[in-house]
Amino acid sequence: MKKLLTIEGMTCGSCVAHITKALEGNEGVISVNVDLGSKTATVESDIELNDETLKKAVAEAGYTVTGISEG
Ligand code: 9UX
């Protein structure tokens, strides 16, 4: 499955790296693509991803998920 996250608080390339790492740490995640320009992250996985789990991972890295949709 694929999920599209909108994320507040990222302003530079290091933020992108932090968020990428945080999302990649979740079970079942195959790929993560974080886009600074559109303030979004696409997460691809081979298991069902829990929205709250993704929000928590991003929050722990210091950013805020403002929306999640199936991509
Ligand atoms: Mo960039 Mo992001 O200097 O938390 S790492 S602003």
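Table for the structure above
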{"item": "Cα long-axis angle, helix 13-24 against the chain (0 to 90 degrees, to the nearest 10)", "result": "20"}
{"item": "With at most 10 neighbouring Cβ atoms within 10 Å, loop GluC sites (Glu not before Pro) (DSSP) excluded, longest segment of the chain", "result": "1-26"}
{"item": "Helix-only CD estimate at 222 nm, as mean residue ellipticity for the chain, using -39500 (n - 2.57) per DSSP H run (n ≥ 4)", "result": "-9500 deg cm²/dmol"}
{"item": "The stretch 1-43: C-alpha gyration tensor shape, a/c 1.5 cut-off, then a/b vs b/c", "result": "oblate"}
{"item": "Zone of residue 39's modelled label, taken as backbone nitrogen in the stretch 13-32 under 18 Å from a point 7 Å along Cα→Cβ", "result": "13-20"}
{"item": "Counted charge near residue 19, where neighbours are those whose Cβ lies closer than 14 Å (Asp, Glu -1; Lys, Arg +1)", "result": "+1"}
{"item": "Nearby aspartates and glutamates by direct alpha-carbon distance to residue 21 (threshold 20 angstrom, same-chain neighbours under 8 apart not counted)", "result": "8, 35, 44, 46, 48, 51, 52, 60"}
{"item": "Relative contact order (%) - the chain, alpha-carbon pairs under 8 angstrom, separation at least six", "result": "48"}
{"item": "Computed E for residue 8/residue 51 - FRET, C-beta separation, R0 22 angstrom, nearest 0.05", "result": "0.90"}
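Where a number appears in this text, it was derived from the coordinates with a stated rule and is not lab data. Quantities reported herein were computed from a predicted structural model and do not represent experimental measurements. Methodologically, a virtual Cβ is constructed for each residue, glycine included, from the backbone with ideal geometry; neighbour enumeration extends over all protein chains shown.
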